[in-house]
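For reference, the structure discussed in these notes is given below.
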Amino acid sequence: QVLAEIMTKLGVPDDKFGATCVLVDKLEKVPLEAIRPDFLALGLTDEVIDSLVEVLALKTVDELRVLLGDDSKALDHLTSLFAYAEAYGFSDWLVFDASVVRGLSYYTGVVFEAFDRSGEFRAIMGGGRYDKLLSTFGGQPLEAAGFGFGDAVIIELLKSKDLLPTFDASGVQVVVCAFSPELHGAAIEVASKLREAGGAVDLVLESKKPKWVLKHAARLAAEYAVIVAPDEWGQGNVRVKNMAEGEQADVPVGELA
């Protein structure tokens, strides 16, 4: 909205808005003079191009208010956003930047990008408000906001902070498996009981032999494997194997937690 109001004041035709947004988005990666001919090809004059770039360099909402005036709807939305951020206690994480455009013209409100605080990496994620996107594709009008993120940037950021997990362990503590499909309900009951007690449980409902289940538990580095078998279940027990010690025993279901 801010960019739309700015372009209107600068006399940029509405039908050139989308293409201009695409070019503005490129300014983060390439110098102005490299794409000035593209701006000129859209019918923008050198004066309008330079004025647009000057506006994109503004770093405060107050500076923008001087240009757009107090009756700006776009500024109302920005002001509300920062007020809500203050109320929620995360305003320190937000910085106004008029140059954040996003290259997609379906955005209808505030757009945003997220970076690591050191500024070492490219944007981790970005998105914004779009009120007409669903109706464009034949759906009912629905106000919405969304974002996308780059897994490659997140991986590099985690590496730089020495926070990238090794995935040597799955985090699963117990693997539960039914001996047969008839005991699926019993296996679900056992898994639910363990989860309610705070256990991290992998429930196997596929038709697998006990040997496969034990190998699966070993691959996950689980502490225990629980087999729900007909004879044991009939007695109110389940077969529990301690994966580290290799010992197994029948344990009453009521004592699992």
(request) Return the label of the correct value of Cα Rg over 2.2 N^0.38 Å, as calculated from the structure shown, out of (1) 1.33; (2) 1.60; (3) 1.16. (result) (2)
(request) Let me know the charge dipole size of the chain about its Cα centre in debye, to the nearest 20, where only the beta-carbon of Lys, Arg (+1) and Asp, Glu (-1) is charged. (result) 820 debye
(request) For the pairs K16/K132; K9/K29; K29/K132, note any where the Cα-Cα span goes beyond 22 Å. (result) K9/K29; K29/K132
(request) Enumerate the aspartates and glutamates that K241 could reach by cross-link, defined here as Cα to Cα under 13 Å, with residues fewer than 8 away along the same chain left out. (result) E223, D250
(request) State the percentage of accessible surface on segment 114-248 attributable to carbon and sulfur atoms; use a 1.4 Å probe and exclude ligands, DNA and RNA. (result) 54 percent
(message) Per DSSP helix of 4 or more residues, -39500 (n - 2.57); summed, then divided by the residues of the chain. What does that give at 222 nm, rounded to the nearest 500?
(response) -12000 deg cm²/dmol
(request) Work out, step by step, the length gained on full extension between E247 and D25: first 0.36 nm times the residue separation, then minus their alpha carbon distance; give nm to one decimal. (result) 73.7 nm
(message) With every protein chain kept in place and ligands, DNA and RNA left out, what is the accessible area per residue of the chain? Probe 1.4 Å, answer in Å².
(response) 62 Å²
(request) Per residue of segment 136-151, in order, report the coupling 6.51 cos²θ - 1.76 cosθ + 1.60 (Karplus, θ = phi - 60°) as ³J(HN,Hα) in whole Hz, putting x for Gly and Pro. (result) 4, 9, x, x, 6, x, 8, 6, 8, 9, x, 7, x, 10, x, 5
(request) With a cut-off of at most 14 other beta carbons within 10 Å, and DSSP calling the residue loop, which chymotrypsin sites (Phe, Trp or Tyr not before Pro) in segment 12-100 qualify? Please list them. (result) F90
(request) Averaging sequence separations of C-alpha pairs under 8 Å and six or more residues apart, then dividing by the length of the chain, give the relative contact order as a whole percent. (result) 12 percent
(request) Taking the Cα centre of segment 125-257 as origin, sum charge times position over the Cβ atoms of Lys and Arg (+1) and Asp and Glu (-1), and report the length of that vector in debye to the nearest 20. (result) 400 debye
(request) Would you mind counting up the charge near W233? Only other residues with Cβ under 11 Å from its Cβ, with Lys and Arg at +1 and Asp and Glu at -1. (result) -4
(request) Place a +1 charge on the Cβ of each Lys and Arg in segment 13-91 and a -1 charge on the Cβ of each Asp and Glu, then give the dipole magnitude about the Cα centre in debye, rounded to the nearest 20. (result) 260 debye
(request) Could you work out the local net charge near A19, counting Lys and Arg as +1, Asp and Glu as -1, over the other residues with Cβ closer than 12 Å to its Cβ? (result) -2
(message) If I fit a long axis through the Cα atoms of helix 210-219 and take the longest principal axis of the Cα atoms of the chain, what angle between them do I get, 0 to 90°, rounded to 10?
(response) 40 degrees
(request) For segment 139-194, run through the chymotrypsin sites (Phe, Trp or Tyr not before Pro) and keep only the ones in DSSP coil with at most 13 other Cβ atoms within 10 Å of their Cβ. (result) F167
(message) Just to check I understand the Karplus step: with θ = phi - 60° and J = 6.51 cos²θ - 1.76 cosθ + 1.60, what whole-Hz values come out for segment 36-47, glycine and proline as x?
(response) 4, x, 5, 4, 4, 5, 7, x, 7, 7, 4, 5
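The values are calculated or read from the model by the stated rules, or taken from the named source; none is laboratory data. Keep in mind that this is a model prediction, so the values were computed, not measured. With ideal geometry, Cβ positions are generated from the backbone for all residues, glycine too; neighbour counts draw on all protein chains shown. Ligands, DNA and RNA are excluded from the accessible area calculation, which covers all protein heavy atoms including side chains. Shrake-Rupley method; radii C 1.70, N 1.55, O 1.52, S 1.80 Å.
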